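The values are calculated or read from the model by the stated rules, or taken from the named source; none is laboratory data. No experiment lies behind these values; they were computed from the predicted model shown. Please note: Cβ atoms are built from the backbone with ideal geometry, for glycine as well, and neighbour counts cover all protein chains shown. These area figures cover heavy atoms from the full protein model, side chains too; ligands, DNA and RNA do not enter into them. Shrake-Rupley method; radii C 1.70, N 1.55, O 1.52, S 1.80 Å.
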Amino acid sequence: MNAWLLAIAVLLTLAMPLCMGATARGTAVERLAGLNLATTVVTAVLLLTAQGFGRSSFADLGLVLAVLGPAGTLVFARFLGGRSIETPDTSTRREA
Amino acid sequence: MSVRHVCALVLLVAGTGVLLLSAVGLVALPRPFQRLHALTPATTVGLPLVALALAVATGPGRAAVKLLLIAVIVAIGGAVTAMAIGRATAQHERLLRKDSPE
């Protein structure tokens, strides 16, 4: 095991469950933040996989995710923002 | 162990640490607007440091340029998505008027 694979293990075991926990609770807009951070972590994991296993073609997956991840988040933010302004607030929001 | 390898390891540990701290902050910060502060360090500092470590390890060439390009794309995209999520949160909290400019 080299340092790159160790970094993958740390990110997948410590960072990803926290991102998933943030994605799984709260209102729809709050979940969006967890999704965005999960996309960033997975991009880093894909780049590290390319180096750790010595397969340079895996870096292309990181490039594709780096382009498509923010686009998906923008679409979600657009739909969620427009929906919450047009419809009355019926959700039970936590007062933190 | 060469100097280049040590530099790559230091950058990798720093980038992974920033990504971990962002994930911890996302869970630890309670309010929606505070959570936005956990998103931008991961995209503008964490992943570019990891990509820089990989570029230092691979050495000069096309692969390093591609990694740095990915770092730049993620940094720009992360800033844009943080603004979009902030706007959606403001609309959700009724802080923006319906006819506010896009």
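Only Cα pairs under 8 Å and 6+ residues apart enter the sum, and on that basis the relative contact order of chain A stands at 26 percent. Between chain B and chain A, roughly 4000 Å² of accessible surface gets buried, counting both sides and using a 1.4 Å probe. Each label point was placed 7 Å from the Cα along the Cα-to-Cβ direction; for B:L68 and B:H37 their separation is 3.3 nm. In a reduced charge model with +1 at each Lys and Arg Cβ and -1 at each Asp and Glu Cβ, chain B shows a dipole moment near 60 debye about its Cα centre. For the range A:1-70, the list of trypsin sites (Lys or Arg not before Pro) that fall in a loop by DSSP and count at most 14 other C-beta atoms within 10 angstrom reads A:R25, A:R55.
For the range A:51-74, state which residues have at least 10 Å² less accessible area in the presence of all protein chains than in their chain by itself, taking the probe as 1.4 Å and leaving out ligands, DNA and RNA. Residues of the range A:51-74 that lose at least 10 Å² of accessible area once the other chains are added: A:Q51, A:A59, A:D60, A:L63, A:A66, A:V67, A:P70, A:T73, A:L74. Expressed as a whole percent, the accessible area of the range A:1-84 that falls on carbon and sulfur atoms is 72 (1.4 Å probe).
For chain B, give the percent of accessible area contributed by carbon and sulfur heavy atoms, probe 1.4 Å, rounded to a whole number. So the carbon and sulfur contribution to the accessible surface is 73 percent. Heavy-atom accessible surface of chain B, averaged per residue, reaches 51 Å², computed with a 1.4 Å probe.
From most to least packed by mean Cβ count within 10 Å, the peptides A:2-13, A:65-76, A:40-51, B:16-27 give A:40-51, B:16-27, A:65-76, A:2-13. Taken residue by residue and averaged, Cβ atoms of other chains lying within 10 Å of the Cβ of A:19-31 number 3.
In chain B, the longest principal axis of the Cα atoms and the axis of helix B:3-28 are about 20 degrees apart.
A Stokes-Einstein calculation at 25 °C with viscosity 0.890 mPa s, built on the Kirkwood radius of the range B:12-60 over Cα pairs, returns a diffusion coefficient of 218 µm²/s.
Indicate the gyration tensor shape class of the range A:4-79 (rounded, prolate or oblate), computed on the Cα atoms with a ≥ b ≥ c the square roots of the eigenvalues: a/c under 1.5 is rounded; otherwise a/b larger than b/c is prolate and the rest oblate. Note, shape of the range A:4-79 comes out oblate. The alpha carbon gyration tensor of chain B gives principal lengths a ≥ b ≥ c with a/c of 1.5 or higher and a/b no greater than b/c, which makes the shape oblate.
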